[in-house]
Ligand code: OGA
Ligand code: MN
């Protein structure tokens, strides 16, 4: 593979420092330009071919298609295209840096393309579902060209443990190549209604169950 175009240690240090200090980190323009272009072309193609399924809420038996909570469409990545393979490799380098500084064992990575049509949104939620030590760190990467303030679709972020009534700490415009990191279990967030089609990759790292001294039940 060609040299990884990850930013230098300062940028990685900022990400992990933010995660430790506040549980989230917003990094404008983190995705290398060629990778951004390739992934944007791919999500546009996936959208044009209508290879997307309505996104649900919860997991497995608790899975719901509740359009009053979440209105978007997704396609899981399988890493079989060059752009997806490069994205997975790029995320692998981020994982190593996060593992080292947070001293956690992030292991599996899962990612999907997510398309929000005008009228799409996602109500306030956590990414790690109740009862499962599941997703530990979330990564959202945006694939929008020239996002305008009037397009809406902001990512609303609350502080760790904040109540619904508390004011958010940030509203982030989904600018192309920007990357958002959040601790999946503790950072409440929401996607405001979007007025333009909004393209993103939503991804999560899971913990390695074998590092916890037990094996996950098979069910
Ligand atoms: C998600 C999510 C945020 C965004 O997919 O779980 O919160 O900005 N996405 O797209
Ligand atoms: Mn989320």
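Values in this text are rule-based calculations from the coordinates and carry no lab data. The shown structure was predicted, so the numbers you read here are calculated from the model rather than taken from an experiment. So basically every Cβ, Gly included, is an ideal-geometry build from the backbone, and we count neighbours across all protein chains shown.
Some points to look at:
- Whole-Å semi-axes of the stretch 24-206's equivalent ellipsoid (Cα gyration tensor): 22, 21, 17
- Normalising by residue count, the stretch 132-209 has a Cα convex hull of 99 Å³ per residue.
- Potential extension, residue 14-residue 195 segment - 0.36 nm per residue separation minus Cα distance: 62.0 nm
- Difference of contour (0.36 nm per residue) and Cα-Cα distance, residue 78 to residue 134: 18.2 nm
- Ranked packing of 33-41, 160-168, 99-107, 198-206, most packed first, by mean Cβ within 10 Å: 198-206, 33-41, 99-107, 160-168
- Between residue 145 and residue 49, the FRET efficiency estimated from the beta carbon spacing at R0 = 22 angstrom works out to 0.65.
- Working note: Cα gyration tensor of the stretch 161-203, eigenvalues times five, square-rooted, sorted largest first, giving semi-axes of 21, 14, 9 Å.
- Placing a pseudo-label 7 Å from each Cα along the Cα-to-Cβ vector at residue 124 and residue 88 gives an inter-label distance of 3.7 nm.
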